[in-house]
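Beneath this line is the structure, given in structure tokens, with notes to follow.
Where a number appears in this text, it was derived from the coordinates with a stated rule and is not lab data. What you see is a predicted model, and the numbers here were worked out from it, not measured in a lab. In this analysis, Cβ positions are derived from the backbone assuming ideal geometry, glycine residues included, and neighbour counts consider all displayed protein chains.
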Ligand code: PFF
Ligand code: NA
């Protein structure tokens, strides 16, 4: 029976590692990879931006993900409680509470516009399923997208549906079914992306796209582009919001934090790069503009699905899977504020979910109007850096490019300067050389990198 116990224990551990990877991947892989990565890459000139983004993932993202998971596992509680438990005797204890506050607010603000884009994906299930774009020109496909943006009622309906989907899961507080689904649907999304990449190779513009993505032209790199790359590294890995801290609190002690963090980051980066390789050949083959902005995937992918064999089927499947990816991320965006309302304000789960979800939904309307009736309204346009930014642009800018890097900076400082070295050595269980490399990164490299990017952009 000893052997049996051993094998049971092992099975249990393996599934816990898998469960964590699924939950973390479900949060990480989302609209950030397929919608945002291609369009910010296009807006920022390609290769050099991609290189900085990859550097940010490796040098800032992975070490901070490890720090978040480690703090969560060491504290074993909700992020706010874990931080204050570990920082019991630290003078700066109030500062560390800020990490939780930033996370809760950022998640709420991000979800308000994330849900609007999730709504676009829902709308495109019908658009591709109907076959109305089969064999159509880039102009027609573009006109269909513009038509959607100019219709606030439609956008509101799809935004409402997406938010309702997120709220239903958060109210129930069960994710086990979703985690199982992630293990099937994420690989399926990956395969569909591969199919589109396969089609993209037939357009004759694959080489041009690969060069655009991977041949850095540093003359196209701006200081604001570097800030966007840094912010996107946080956004895409769901960092700086204490989400990974919350998930880390469920991670069994004997599982490698480094390996799981790297696995999640590699999957996330792989999906983003595949999305880029799927989209840019279509952009160049049809003479479209790489810097077209947030509509990029909705103006290119339907064009590809309209031209490839069984395109309506693949297109429909693709957008269904995209909705699923966005859904699992949306849940992790709403969860922190709901937990906070439960813990701190004593609300029950249903009331806190309905309350937070409703306010978030209402804020989403401002993003919807930014796409049409308020498209010329730039509330902070008098600030040079924010010129021409609509409410939607501002929400994206402040959350991804300011709040998440700031949250991440605090996490790095906390791990680098507050937590005990022995505790961290035990949690991370790395070789001495690797541990020191990680420690130097969170102590110096990450904080300095974030600070320098911030200061340069303020000047
Ligand atoms: N990482 C998600 C994406 O790439 O779509 C977005 C996100 C989810 C950001 C959860 C932050 C977060 F806490
Ligand atoms: Na992501």
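Here are the numbers for this structure:
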item: Packing rank of 396-406, 143-153, where each peptide gets the mean count of other beta carbons within 10 Å, highest leading; result: 396-406, 143-153
item: Computed over the stretch 344-459, Kirkwood Rh from alpha-carbon pairs, angstrom; result: 17.8
item: Cβ crowding within 10 Å averaged over residues, with 185-194, 23-32 ranked highest first; result: 23-32, 185-194
item: Fewest-first ranking of 342, 289, 88, 427, using other Cβ atoms within 10 Å as the exposure measure; result: 88, 289, 342, 427
item: Taking the C-alpha atoms of the stretch 238-320, convex hull volume expressed per residue in Å³; result: 142
item: Share of pairwise Cα separations in the stretch 165-293, more than 23 Å, in percent; result: 51
item: The chain - Rg over Rh from alpha carbon coordinates, Kirkwood radius; result: 0.96
item: Normalised contact order of the stretch 302-357, rounded percent, pairs of Cα under 8 Å and 6 or more residues apart; result: 21
item: Helix-only CD estimate at 222 nm, as mean residue ellipticity for the chain, using -39500 (n - 2.57) per DSSP H run (n ≥ 4); result: -24500 deg cm²/dmol
item: The stretch 176-251: projected area of the alpha-carbon convex hull, averaged over directions, in nm²; result: 7.7
item: Label-reachable residues, the stretch 228-271, where backbone N falls under 20 Å from a point 7 Å from residue 423's Cα toward its Cβ; result: 240-258
item: Cα→Cβ-extended label distance, 7 Å offset, between residue 140 and residue 223, nm; result: 4.8
item: Relative contact order (%) - the chain, alpha-carbon pairs under 8 angstrom, separation at least six; result: 35
item: Alpha carbon convex hull of the stretch 1-152, projected area averaged over orientations, nm²; result: 16.1
item: The stretch 62-119: translational diffusion in µm²/s, Stokes-Einstein, Kirkwood Rh over Cα pairs, 25 °C, 0.890 mPa s; result: 193
item: Alpha-carbon Rg with Dmax, taken over the stretch 107-210, Å; result: 17.1, 49
item: For peptides 375-382, 158-165, sequence by mean Cβ density within 10 Å, most packed first; result: 158-165, 375-382
